[in-house]
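*Asks:* Dropping a structure here in structure tokens format, bear with me for questions.
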Amino acid sequence: MKEKILRMFRETDGYVSGQELCERLGVSRTAVWKVTQQLKEEGYQIEAVKNRGYRMMSAPDVMTAEEIGSHLKTETMGRCCVYYEETDSTNTRAKQLAEEGKPHGTLVCAERQTGGKGRRGRAWSSPPGEAIYMTLLLRPEIRPVHASMLTLVMGLAAAKACNETLYKKLGENAPKVHVKWPNDLVLEGRKLAGILTEMSAEVDYINYVVIGIGINVNMHHFPEEVEKMANSLYQASGHTFSRAELTACCMKHFEECYNRFAVTEDISGLREDYESLLVNMNEQVRVLDPGHEYMGKALGINDKGELLVEQEDGQVTAVYAGEVSVRGVYGYV
């Protein structure tokens, strides 16, 4: 009921009468009053005026299931949401929930992670209250060999969501978020987000896939060891953002992109959009293939989601995400 009341507050210009809330929710006035009191205790500023009703004046920047749900505009993605005040890793929790039978599209969020992890087992810094830590649980009816492309689907969706969010706040002056193949988002040449995809599968069947993403939203500062390569939406724009609203926007764009991907089980329907946001499109890159490092020009991606790199001799190599890392010639991008 809390989510439904928040949604009604957001969808109504002005006051919502207590009677309307009761009728639409099928509950008593006392029940409505109790929920509004709970919301006030959680940091929501709600004004109650006799003969007019309730109006939400402001909302805290929280990542609860109810707050995210009140922003959602999806059919499936995020509709089942599990929130943790603190957990070791949202990917770990999502895998546990998958084993317990949680449905396709379940979203796992945390205010703080104590054991966040990135690609190749690297630690992921997870301070509370400033970033998005979330994992999406999927049960895709696709072949396991195609699952790695879901990282690109999430990258594209999250970049679109960040750009939509920045544009709403700053208009034409908004900085642009790009994707760095295969699993990062970048803003002004520095890392904004990282994605980690994990899978449980049989030879020809996927049990589940979990896609975790951490997005630097309202960070003012970063630890010294990463401050030169990390960025946040706040640092780039000077504005703070609702993490729950951005999360819901990510779910909206992911659902759209996923539905296009599922038709073909490849990136063909998303390729043009992805390449338009590819940060090193037509730029020189360094491919860090174990035992074979080489330079080349990034030409985009193919339908399998592999990065196409033209080497100095003119040979074009399709780089598979699981095998290598790609860096700019002079640094991270």
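None of the figures in this text is laboratory data; all of them are computed from the coordinates on show. Since we're looking at a predicted model, the values are computed, not measured. No Cβ is skipped: glycine too gets one built from the backbone with ideal geometry, and neighbour counts run over all protein chains shown.
*Asks:* Calculate how steeply helix 2-11 sits against the longest principal axis of the alpha-carbon atoms of the chain, using the helix alpha-carbon long axis, and give the answer as 0 to 90 degrees to the nearest 10.
*Replies:* 90 degrees
*Asks:* Long-range amide H contacts for Ala230: which residues qualify at under 5 Å (H placed 1.01 Å from N, peptide plane, sequence gap of 5 or more or a different chain)?
*Replies:* Lys191
*Asks:* Another question, then. Local charge sum around Ala110 (other residues, Cβ-Cβ under 11 Å, Lys/Arg +1, Asp/Glu -1)?
*Replies:* Numbers: positive: Arg93, Arg112; negative: Glu85, Glu86, Asp88, Glu111.
Result for the local shell: -2.
*Asks:* Then there's this: When averaged across all projection directions, what area in nm² does the alpha-carbon convex hull of the stretch 49-206 cover? Display every interim value, and only then the final one.
*Replies:* Working: hull surface 49.2 nm².
Computed as one quarter of the Cα hull surface, the answer is 12.3 nm².
*Asks:* Then there's this: By counting other Cβ atoms within 10 Å of each Cβ, how are Met8, Met77 ranked from fewest to most?
*Replies:* Working: Met8 17, Met77 26.
The fewest-first ordering by Cβ neighbours comes to Met8, Met77.
*Asks:* If contacts are Cα pairs under 8 angstrom and at least 6 residues apart, what is the relative contact order of the stretch 229-333 in percent?
*Replies:* Numbers: 132 pairs, mean separation 20.4, N = 105.
About 19 percent, as a whole number.
*Asks:* Where does each of Thr151, Thr92, Thr247 land when they are ranked from fewest to most other beta-carbon atoms within 10 angstrom?
*Replies:* Values: Thr151 22, Thr92 19, Thr247 27.
Ascending Cβ contact count within 10 Å gives the list Thr92, Thr151, Thr247.
*Asks:* Apply the Karplus curve 6.51 cos²θ - 1.76 cosθ + 1.60, θ = phi - 60°, to the phi angles in the stretch 15-22 and return the couplings in whole Hz, x for Gly and Pro.
*Replies:* Per-residue couplings from phi come out as 8, 10, 5, x, 5, 5, 4, 4 Hz.
*Asks:* For the pair Val203 and Glu272, how long in nm is the line joining their label points, each one 7 Å along Cα→Cβ?
*Replies:* 4.0 nm
*Asks:* ³J(HN,Hα) across the stretch 35-41 via Karplus (A = 6.51, B = -1.76, C = 1.60, θ = phi - 60°), whole Hz, x for Gly/Pro?
*Replies:* 5, 5, 5, 4, 4, 4, 5
*Asks:* Let me ask another. Going by the alpha-carbon gyration tensor, a ≥ b ≥ c the square roots of its eigenvalues, is the stretch 223-333 rounded (a/c under 1.5) or, if a/c is not under 1.5, prolate (a/b greater than b/c) versus oblate? Please report the intermediate quantities before stating the final value.
*Replies:* Working: a/c = 2.43, a/b = 1.22, b/c = 1.99.
Because a/c hits 1.5 or more and a/b fails to exceed b/c, the stretch 223-333 counts as oblate.
*Asks:* Further question on the same structure: Taking H placed 1.01 Å from N in the peptide plane, check which residues at least 5 places from Ile206 or on another chain put their amide H under 5 Å from its amide H.
*Replies:* Here the answer is Ile142, since their amide H atoms fall under 5 Å of that of Ile206.
*Asks:* Using 0.36 nm times the number of residues separating His292 and Val27, minus their current alpha carbon distance, what extension gain do you get? Write down the numbers at each step before the final one.
*Replies:* Working: separation 265, 0.36 × 265 = 95.40 nm, distance 6.63 nm.
Residue separation times 0.36 nm, minus the Cα-Cα distance, leaves 88.8 nm.
*Asks:* Given only helices, namely DSSP H runs of n ≥ 4 each adding -39500 (n - 2.57), what is the per-residue ellipticity at 222 nm of the chain, to the nearest 500 deg cm²/dmol? Please list the in-between numbers first.
*Replies:* Values: 9 runs with 101 residues, N = 333.
Calculated at 222 nm, the ellipticity per residue is -9000 deg cm²/dmol.
*Asks:* In a GNM of the chain with a 10 Å cut-off on Cα contacts, which of Val16, Val186, Val285 has the highest mean-square fluctuation?
*Replies:* Highest fluctuation of the listed residues: Val16.
*Asks:* Let me ask something additional. Return Lys73, Lys160, Lys180 ranked ascending by Cβ neighbour count within 10 Å, so the fewest neighbours appear first. Mind dumping the intermediate values first?
*Replies:* On the way: Lys73 11, Lys160 21, Lys180 25.
By the 10 Å Cβ count, ascending: Lys73, Lys160, Lys180.
*Asks:* Now for a separate question. Normalising by the residue count of the chain, find the relative contact order in percent from Cα pairs under 8 Å and 6+ residues apart. List each step's numbers first, then the result.
*Replies:* Details: 669 pairs, mean separation 46.3, N = 333.
Relative CO of the chain lands at 14 percent.
*Asks:* Under the 0.36 nm per residue contour assumption, what length would be gained going from the current alpha-carbon distance of Lys176 and Glu20 to full extension? Let's see the in-between values first.
*Replies:* Working: separation 156, 0.36 × 156 = 56.16 nm, distance 4.17 nm.
My answer for the length gained is 52.0 nm.
*Asks:* Length gain on complete extension for the stretch Ala318 to Lys50, per 0.36 nm per residue less the alpha carbon to alpha carbon distance? Intermediate results must be reported in sequence, preceding the final value.
*Replies:* Working: separation 268, 0.36 × 268 = 96.48 nm, distance 6.67 nm.
Stretched out fully, the Ala318 to Lys50 stretch lengthens by 89.8 nm.
*Asks:* On to the next question. Quick one: what Rg and Dmax do you get for the chain from the alpha carbons, in Å?
*Replies:* So, for the chain, Rg and Dmax equal 21.3, 78 Å respectively.
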